[in-house]
1. For region 54-99, which positions are among the basic types (Lys, Arg), assigned to a helix (DSSP H, G or I) and either within 17 Å of ALA12 (Cα to Cα) or in contact with a His (Cβ under 7 Å, 6 or more places away or on another chain) (or both)?
2. Return the residue satisfying two criteria in turn: it lies in region 12-36 and is within 17 Å of GLU96 (Cα to Cα) and under 12 Å from the mean Cα position of the chain (by Cα), and of such residues it is surrounded by the most Cβ atoms within 10 Å (Cβ to Cβ).
3. Name the residues in region 57-106 that are small (Gly, Ala, Ser) and either surrounded by fewer than 17 Cβ atoms within 10 Å (Cβ to Cβ) or in contact with a Gly (Cβ under 6 Å, 6 or more places away or on another chain) (or both), would you?
4. Show the residue pairs meeting these rules: Cβ distance below 9 Å; 6+ apart or different chains; first residue within region 68-82 and of a type in the set (Gly, Ala, Ser); second residue assigned to a loop (DSSP other than H, G, I, E, B) and at pLDDT 90 or above.
5. Can you spot a residue in region 83-99 that is under 10 Å from VAL49 (Cβ atoms) and either small (Gly, Ala, Ser) or out of contact with any Asp or Glu (no Cβ under 7 Å at 6 or more places or on another chain) (or both)?
6. Can you name every residue in region 45-67 that is among the aliphatic types (A, V, I, L, M) and at pLDDT 95 or above?
7. Anything in region 20-53 that is assigned to a loop (DSSP other than H, G, I, E, B) and in contact with an Asp or Glu (Cβ under 6 Å, 6 or more places away or on another chain)? List them, or say none.
8. Give the number of residues within region 65-89 that are of a type in the set (Gly, Ala, Ser) and under 16 Å from the mean Cα position of the chain (by Cα).
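The values are calculated or read from the model by the stated rules, or taken from the named source; none is laboratory data. Everything numeric here is computed off the predicted structure, so don't read it as measured data. Here the Cβ positions follow ideal geometry from the backbone for every residue, glycine too, while neighbour counts run over all protein chains shown.
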Amino acid sequence: MEGKKDSNILCAANSANMRFYFNEEKYGMLPEDVKKELKIICVLYCSDVGGVIILSFSEDHRLLISTMEPIDEIGAELKITKMRKDNEELFSMLEEFSRKFFGEED
């Protein structure tokens, strides 16, 4: 069960070790410009508020944004709200992509 949950992770970044992870195995068919934009979004978040950010899909294909250990918790919440607003079109496209390509797995 845990493996299935982990496989829904789209990407993540960690400010402590300055790493970015993209789930190439499952989502590698996304266009390179989308991957690049996701990296920018995640790295900027970690640069601004620290901690860890994880973008994943729920079972109903909604894009989830999870964070852990931000240096500034209030700033982190504001940053996530702004991120969702600024990237509404991209996130909506990613949810549609998930429904289209992985909807059968439910």
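1. Answer for region 54-99, where residues must be among the basic types (Lys, Arg), assigned to a helix (DSSP H, G or I) and either within 17 Å of ALA12 (Cα to Cα) or in contact with a His (Cβ under 7 Å, 6 or more places away or on another chain) (or both): LYS79, ARG84, ARG99.
2. Checking each candidate, the answer is TYR27.
3. Step one: of region 57-106, the residues small (Gly, Ala, Ser) are 58, 66, 75-76, 92, 98, 103.
The answer is SER58, SER66, GLY75, SER92, GLY103.
4. If the second residue must be assigned to a loop (DSSP other than H, G, I, E, B) and at pLDDT 90 or above, the pairs left are ALA76/GLY50; ALA76/GLY51.
5. Looking for residues that are under 10 Å from VAL49 (Cβ atoms) and either small (Gly, Ala, Ser) or out of contact with any Asp or Glu (no Cβ under 7 Å at 6 or more places or on another chain) (or both), one finds none in region 83-99, hence no.
6. VAL52, ILE53, ILE54, LEU55, LEU63, LEU64, ILE65
7. Restricting attention to region 20-53, the residues satisfying the condition of being assigned to a loop (DSSP other than H, G, I, E, B) are 23, 28-31, 50-51.
Answer for region 20-53, where residues must be assigned to a loop (DSSP other than H, G, I, E, B) and in contact with an Asp or Glu (Cβ under 6 Å, 6 or more places away or on another chain): just GLY51.
8. 2
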